[in-house]
Amino acid sequence: MALNAAAIQVGAFTIAAAIPYLSLHTALPDVNGANQSSAPRVPSGLTATAGVISTSNRSFVGGVASGPATHVGFWSALTGGIFYGYQALIGDNTFNSLGQFTITTLTLTGSSS
């Protein structure tokens, strides 16, 4: 028997709750979350609906003006903490001239690879 929708939702909700902070990375992160940008982490605002984890309009400030922002990282704490992985960003992958970057939409679906 495969997991049903209710079980998948429990998993998605638990994962979303475990990731209260997001970071931006200037290159591919390693297993420890390397290449974190100079922009501080921000609250994730992650929600889980129908087994899909998502957030929107996450604004970062303090990055290098016109510098790269290639990946978003998932963290358990504002500083330090557990690094839970990352997702590559698509579209415009640079901070603006003021060192700001906004993730307009972020959607996570299940995969462990």
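The values are calculated or read from the model by the stated rules, or taken from the named source; none is laboratory data. Not measured: the values here are computed from a predicted model. Cβ placement follows ideal geometry from the backbone for every residue including glycine, while neighbour counts extend to all protein chains displayed. The area values use the complete protein model at the heavy-atom level, side chains included, leaving out ligands, DNA and RNA. Shrake-Rupley method; radii C 1.70, N 1.55, O 1.52, S 1.80 Å.
Quick check: is even one residue across segment 51-74 touching a Lys or Arg at 6+ places or on another chain (Cβ under 7 Å), at pLDDT 95 or above and open to solvent by 30 Å² or more (accessible area, probe 1.4 Å)? Spell out how you get there, then give the answer.
Our first condition is that a residue be touching a Lys or Arg at 6+ places or on another chain (Cβ under 7 Å); within segment 51-74, this holds for none.
No: zero hits.
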> Looking at segment 95-110, is at least one residue open to solvent by less than 40 Å² (accessible area, probe 1.4 Å), within 28 Å of ALA5 (Cβ to Cβ), modelled with pLDDT of 95 or more and not in a loop (DSSP other than H, G, I, E, B)?
Replying inline: yes
> open to solvent by less than 70 Å² (accessible area, probe 1.4 Å), under 13 Å from THR79 (Cα atoms) and modelled with pLDDT of 95 or more, is that true of SER38?
Replying inline: no
